[in-house]
Amino acid sequence: MGERDAVIVGYDAVSPLGSDLDSQWQRALAGKSGIGPLTRFPLAPDFPVSIAGQVPDIDNENFPFLTPRHQAAWSSPVFKYSMLSVARALERSRIEITPDIAPRVAVTYSSAIGGLDAVLNADRRLQAENKLPLPYANPNSCINMVGGKIAILTGAQGPITTTITACATGLSSIIIGAMFLAQGRADVAICGAVDFALVEPIVAGFYTMNGVYNPKEGRENDPPETASRPFSSDRRGFVISEGAGAVILTTRAFARTHGLQASAELAGWGMTSDAHHFVAPHLPTVTRCMEEAIADAELEPGNIDAVNGHAASTRVGDQVEYDALRAVFGNTLPPVSANKSLIGHAMGASSVIETIFALQGMQADILPPTINYTPDPQIDIDCVAEGKRAVSQEFVLKNAFGFGGCNACAVFRTI
């Protein structure tokens, strides 16, 4: 164990299960779904998507950076939710970013989609009213501005970068943050991701890609909470959701020197590119990503106690992930928890929210259930379908795979 190894000293998330982390975790353990009717925008009678995973509003949270004036300027929700998750994660970590440590604090917090809603609103204003965009329209739409605003909020003055790897963005942010620590470029890294993709053209675009949940004929009135079905024989695509999550990394030496309590460490990681197809995952490179993460942790597959799956509920994606898991673990595949059954797919934020749920489970030695599961003869998997399960977890593998063939896998160890 090296002095510059990355340890986790704080984290926080907002998801369709709630805005308070403890209540989200209890709902997850109870198998409660955060999926419901789509209300983010008015739905035309023929709009093809009607359900989503929406987060609670936080306008009344008592934080100074969420003043009405601030929210009017920074209108895209990616800003207030990302900043809230970071503020609370730092509070949990007990780190105060003072001027003496600020140059050694990195920011890799990112977004896969960013503030495209601001561009859409500006375009509608221009077309309908012939009014030029408001001054903050372009800054709202700059994806790197999420990290920039977090740096301004916290005073972090170390390396800053935007780690966009589609649906793997959150986990990639953690990995890149750990790289800054390992290279001696920072002692602390503010990692995570935020996405609010419930914008009309984005939602409709996922439908035309045949990726989003599309009910079987005759089952259009099924309850929304039953729609997200990872690894299930009747899976029908992912449910679009939204959310934010922050993870605070420090070096082992920094945590010890400053009396910080680390809950886990990033023991190993892998990143690969499919170089194959713009959305369809590629078995060989997905498999290698998992293998490299386990090898980087200096472990054997048999050391992994549980897997937190990507498990988006797509026909091809779930099958490829399962086939890769079998290639890595053989007949000793550990239980695989699929959190998207509970919260849907929050795009780039999904992998960091799910990482936080995995960390919660490691601390409590418990796995939340995968709900809505009907066995698939082609996927012989233990996905904790019966309800929460007590499982001792020293090492957990987290998978995340994104459009463009961006794969990220990480092994976390309980401290």
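Points to keep in mind about this one:
- Comparison of R88, R124, R69 shows that the only residue that is of a type in the set (K, R), out of contact with any Gly (no Cβ under 6 Å at 6 or more places or on another chain) and surrounded by 13 or more Cβ atoms within 10 Å (Cβ to Cβ) is R88.
- Residue match in region 204-213 (condition: hydroxyl-bearing (S, T, Y) and within 22 Å of Y373 (Cβ to Cβ)): yes
- Selection over region 159-174 of residues that are of a type in the set (V, I, T) and surrounded by 24 or more Cβ atoms within 10 Å (Cβ to Cβ) gives a count of 4.
- Pick from region 377-391, criterion aliphatic (A, V, I, L, M) and part of a strand (DSSP E or B), ranking: farthest from A358 (Cα to Cα): I379
- Positions within region 140-179 being in contact (Cβ under 8 Å) with a residue 12 or more places away in the chain, part of a helix (DSSP H, G or I) and either over 18 Å from A197 (Cβ atoms) or outside the structural domain of G192 (by TED's automatic domain parsing) (or both), in sequence order: G147, G148, K149, I150, A151, L153, T154, I174, I175, I176, G177, A178
- For K80, the conditions (1) out of contact with any Gly (no Cβ under 8 Å at 6 or more places or on another chain); (2) within 26 Å of R256 (Cβ to Cβ); (3) basic (K, R) are fulfilled apart from (2).
- Region 321-333 residues that are assigned by TED's automatic domain parsing to the domain that holds L397, paired with ones that are polar (S, T, N, Q) (beta carbon under 7 Å, 6 or more apart): E321/N399; A324/T287; A327/T287; V328/T287
- Test: residue in region 398-408 that is out of contact with any helix residue (DSSP H, G or I) (no Cβ under 7 Å at 6 or more places or on another chain), at pLDDT 95 or above, within 29 Å of V9 (Cα to Cα) and buried (at least 21 other Cβ atoms within 10 Å of the Cβ): no
- Among the residues of region 284-305, those identified as among the acidic types (D, E) and not in a helix (DSSP H, G or I) are E298, E300, D305.
- Scope region 219-231; condition at pLDDT 95 or above and either in the same structural domain as Y322 (by TED's automatic domain parsing) or surrounded by fewer than 24 Cβ atoms within 10 Å (Cβ to Cβ) (or both); matching residues: P223, P224, E225, T226
- A186 being surrounded by fewer than 23 Cβ atoms within 10 Å (Cβ to Cβ), in the same structural domain as V105 (by TED's automatic domain parsing) and either assigned to a loop (DSSP other than H, G, I, E, B) or modelled with pLDDT of 95 or more (or both): no
- Of everything in region 127-143 that is buried (at least 16 other Cβ atoms within 10 Å of the Cβ) and among the polar types (S, T, N, Q), the residue that is nearest to K80 (Cα to Cα) is N140.
- For region 189-209, residues that are acidic (D, E) and outside any strand (DSSP E or B) total 1.
The values are calculated or read from the model by the stated rules, or taken from the named source; none is laboratory data. Because the structure is predicted, anything quoted here is derived from the model rather than measured. Neighbour counts are summed over all protein chains in view; Cβ atoms, including those assigned to glycine, are modelled from backbone coordinates with ideal geometry.
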